[in-house]
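J.: Structure incoming, see below.
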Amino acid sequence: MHRRSWLKLSLGAAVVLAVGGGAVALIEPAWREGRLTAAGRRVFMHTGRAFLDGSLPIDNAQRTQALAGLLDRTEALIAALPTHAQRELSQLLSLLATTPGRRTLAGLAPEWDDATVAEIRRALQAMRLSALTLRQQAYQALHDITGSAYFADPATWSVLGYPGPAPLPA
Amino acid sequence: MSKPTDPIADGLRRGWKVAGGSHAPLPAKVACDVAIVGSGAGGGITAELLAKAGLHVVIVEEGPLKSSSDFRQLESDAYPTLYQESAARKTRDKAINILQGRCVGGSTTVNWTSSFRTPVATLDYWRQHFGLAEFGNDTLAPYFEQAERRLSIGPWLTPPNENNDLLRRGAARLGIAAASIQRNVKGCWNLGSCGLGCPTNAKQSMLVTTVPAALEQGATLLVQTRAERFELANGRVKALLCAPAGQAGPTIRIVARHFILAGGAINSPAVLLRSQAPDPHGRLGVRTFLHPVVMSAAQMPGKVEGWQGAPQSIYTDHFLETHPIDGAIGYKLEAPPLHPVIFASTVSGHGQEQSDLLRQFPSTHVLLALLRDGFHEESPGGIVRLRGDGTPELDYPLTGFVMEGARRALLSMAEIQFAAGARQVVPVHEMARPYGNWDEARDAIAAFPMKPLLTKVVSAHVMGGCGLAGRPELGVTRPDGVHWQLDNLSIHDGSLFPTSIGANPQLSIYGIANRLAQGLARRLGAGEAILA
């Protein structure tokens, strides 16, 4: 698996699905017509609540709103990526949204909707330090996109103690 | 201070010839003396000189024309608009993130203004190993001087920001010499937003210097226009085929006496690969270098606020100068600017542990090490190839030789940070945690598996792939900048370099493109021109 690239993800996906007993035809695309599908949003929503645990607002309503903002900005970020990167990401997210993909690639047993933050973080940590390049690449992509999208919004900067750009004369 | 004027908006009002994007419609056919692909460091310098020499110049730029009125100091604006692949271009194995500009002015619009002449040791190596007898320091000096004058490159007399001063203080405590970085700025407001497009036009990028000068001379600028490929016949380029960015298939045909590739490393070799340019010695796209960068974060007792002030003003070459250039890989140490998006994507980990580090942003100090690649057989760089859709991809294996250099660099940075008073240091590595003292950090770093994807590696300096060489079997490009197999094609950008530079490369590109462009103007029978 050393140096496996995402371009080979389709092969990886097939292997994972064979292992998990799934059917390729049932995979919902994660990126379609310039938008994240429900599958793509589900993966980013749940990895987002784990990555950003400790940075998200504590209040439930505010946290829900913050995660919705994260998903919107994630979509905008992906929309600005070149087609080849969108395609690879879509494959990755589609796979993670399936039960066999979630179990094999993320190592997460419960459904995304049922998993606790602690369970998702354990899965992310295993991906982060995995011996499989594909799992490390997947972790890095989720990490970088989540951090970039979340902290692109000035409303999040209070967490960082960042005052925003220096004002210029109007 | 009053609101800065926008020289680009003024020029457009005065009738500069700009087409593409929201400007005039792109023409289907263009005829000119010289067509230049790219408007960055190499393309900009070349365009000004050739236009001043009286040649009709057309510049083709893949990115948009943005200017100070657009630059709001926001990463969410800048990365998708001004950078290649939204600042998320990656090597084939995704182990290195590459920052390259993609806008009028190229990387010079978004770089951090650090200006160094090509180190003498690098030029000596080129002469010895690549037959580049004409690339001596004394020969190049006047061309560097002209570029320095043109771009207001000089000492930065304002005190360094705290992020840079910590490097100075930490190094001094260890007896390591550090020095000030020259910058290409005029009337700089010390805002710290250089990487997001200068909102005050103080940075003397190609966007506000050479490209406007060329346009004033009557040059044409095609923006949001992608150079697809050359049409070749009988050892010459017949035409350049272009397409509006984001659209498939070429719709614009440019005919010229001479063509210049200045799209930057990765992109320039890619145009030649798509053109199926002759490459009898297998040199095209190989030896692409990155100055692979590793980083070390430190929490200081006081405020650092690495987002404000000139981004890079202090450096040390101690770890370049204490090794032979062809021995164990050396590295240059600098401090990078810190903004929320780049910070959040760089701080490794997840959940509460990551949040604890993110919340210390105002007191976080970061050092980076640029590894000097390309001077040893175990540092051959990477290879540019094309994907099925014709877009380029860099395959850059991080060898054990390079990664052992990365380990030494993490050690050096942590030691300097503790010497500067750090409360804790976090090397940017997936297996790192915050270390409270130098002994602890040293032992941990010594034990890190220095593997790609575990060690965070980034790059902002892409070089090589169309290397200069005195003999055709050693490179793609002749010492006068002309392609070894295509008589009316020159390459004038960072892809020329046969190794990495060992310093931030913008001034190397300015100086060398300056020399090559003056020679080309003479060969084309145009008037004499020098940079203003």
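J.: Restricting attention to region A:7-53, which residues are at pLDDT below 80 and farther than 16 Å from A:THR104 by Cβ?
T.: A:LEU7, A:ALA25
J.: Checking the condition without any contact (Cβ under 8 Å) to a residue 60 or more places away in the chain, out of contact with any Asp or Glu (no Cβ under 7 Å at 6 or more places or on another chain), within 26 Å of B:LEU531 (Cβ to Cβ) and crowded, with 18+ Cβ neighbours inside 10 Å, which residue from B:GLN146, B:GLN182, B:GLN204 passes?
T.: B:GLN204
Quick grid of which residues meet (1) within 21 Å of B:ALA171 (Cα to Cα); (2) of a type outside the set (Gly, Ala, Ser):
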position: B:ALA369; (1), (2): yes, no
position: B:GLU377; (1), (2): no, yes
position: B:ILE383; (1), (2): no, yes
position: B:ASP395; (1), (2): no, yes
position: B:GLU404; (1), (2): no, yes
position: B:ILE416; (1), (2): yes, yes
position: B:MET431; (1), (2): no, yes
position: B:ASP443; (1), (2): yes, yes
position: B:MET450; (1), (2): no, yes
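J.: Only one of these conditions is not met by B:ARG169: (1) loosely packed, with under 14 Cβ neighbours inside 10 Å; (2) closer than 22 Å to B:SER363 by Cβ. Which number is it?
T.: (1)
J.: Do you know which residues across region B:109-124 are in a loop (DSSP other than H, G, I, E, B), of a type in the set (Val, Ile, Thr) and surrounded by fewer than 24 Cβ atoms within 10 Å (Cβ to Cβ)?
T.: Hit for region B:109-124 is B:THR118, nothing else.
J.: Moving on. Could you list, in sequence order, the residues of region B:194-206 that are assigned to a loop (DSSP other than H, G, I, E, B), within 13 Å of chain A (Cβ to nearest Cβ) and over 15 Å from B:SER313 (Cβ atoms)?
T.: Selection gives B:GLY197, B:CYS198, B:PRO199, B:THR200, B:ASN201.
J.: Out of the residues in region B:237-267 that are of a type in the set (S, T, N, Q) and in contact (Cβ under 8 Å) with a residue 60 or more places away in the chain, state the one that is farthest from B:PRO498 (Cα to Cα).
T.: B:THR251
J.: Follow-up. Would you call B:ASP487 modelled with pLDDT of 95 or more, more than 14 Å from chain A (Cβ to nearest Cβ) and surrounded by fewer than 24 Cβ atoms within 10 Å (Cβ to Cβ)?
T.: Taking the combined requirement at face value, the residue satisfies it.
J.: Mind checking which residues of region B:356-368 are within 18 Å of B:ASN97 (Cβ to Cβ) and surrounded by fewer than 24 Cβ atoms within 10 Å (Cβ to Cβ)?
T.: Result: B:LEU368, single match.
J.: Continuing with this model, one more query. As an exercise: evaluate B:GLU353 against (1) surrounded by fewer than 24 Cβ atoms within 10 Å (Cβ to Cβ); (2) more than 12 Å from every other protein chain (Cβ to nearest Cβ) and give the number of the one condition it does not meet.
T.: So B:GLU353 meets the others, but not (2).
J.: Among the residues of region B:72-115, count how many are among the small types (Gly, Ala, Ser) and away from chain A (no Cβ under 11 Å).
T.: Qualifying residue count for the region: 6.
J.: Out of everything in region A:103-124 that is away from chain B (no Cβ under 14 Å) and assigned to a helix (DSSP H, G or I), what residue ends up being farthest from A:ALA50 (Cα to Cα)?
T.: A:THR104
J.: Also, I was wondering about something else. Take region A:125-158 and flag every residue that is at the interface with chain B (Cβ under 7 Å from one of its Cβ atoms), touching a Ser or Thr at 6+ places or on another chain (Cβ under 7 Å) and farther than 30 Å from B:SER68 by Cβ.
T.: A:GLN136
J.: Out of (1) within 13 Å of chain B (Cβ to nearest Cβ); (2) out of contact with any Lys or Arg (no Cβ under 7 Å at 6 or more places or on another chain); (3) closer than 27 Å to A:ALA155 by Cβ, what's the single condition that is false for A:ALA61?
T.: (1)
J.: Can you confirm whether region B:446-466 contains a residue that is touching a Gly at 6+ places or on another chain (Cβ under 7 Å), farther than 25 Å from B:TRP112 by Cβ and surrounded by fewer than 23 Cβ atoms within 10 Å (Cβ to Cβ)?
T.: no
J.: Has region B:177-191 got any residue that is in contact with a Phe, Trp or Tyr (Cβ under 9 Å, 6 or more places away or on another chain) and part of a helix (DSSP H, G or I)?
T.: No: region B:177-191 contains no residue that is in contact with a Phe, Trp or Tyr (Cβ under 9 Å, 6 or more places away or on another chain) and part of a helix (DSSP H, G or I).
The values are calculated or read from the model by the stated rules, or taken from the named source; none is laboratory data. Keep in mind that what you see is a predicted model, and the values were worked out from it rather than measured. Note that each Cβ is placed from the backbone with ideal geometry, even for glycine, and that neighbours are counted across all protein chains shown.
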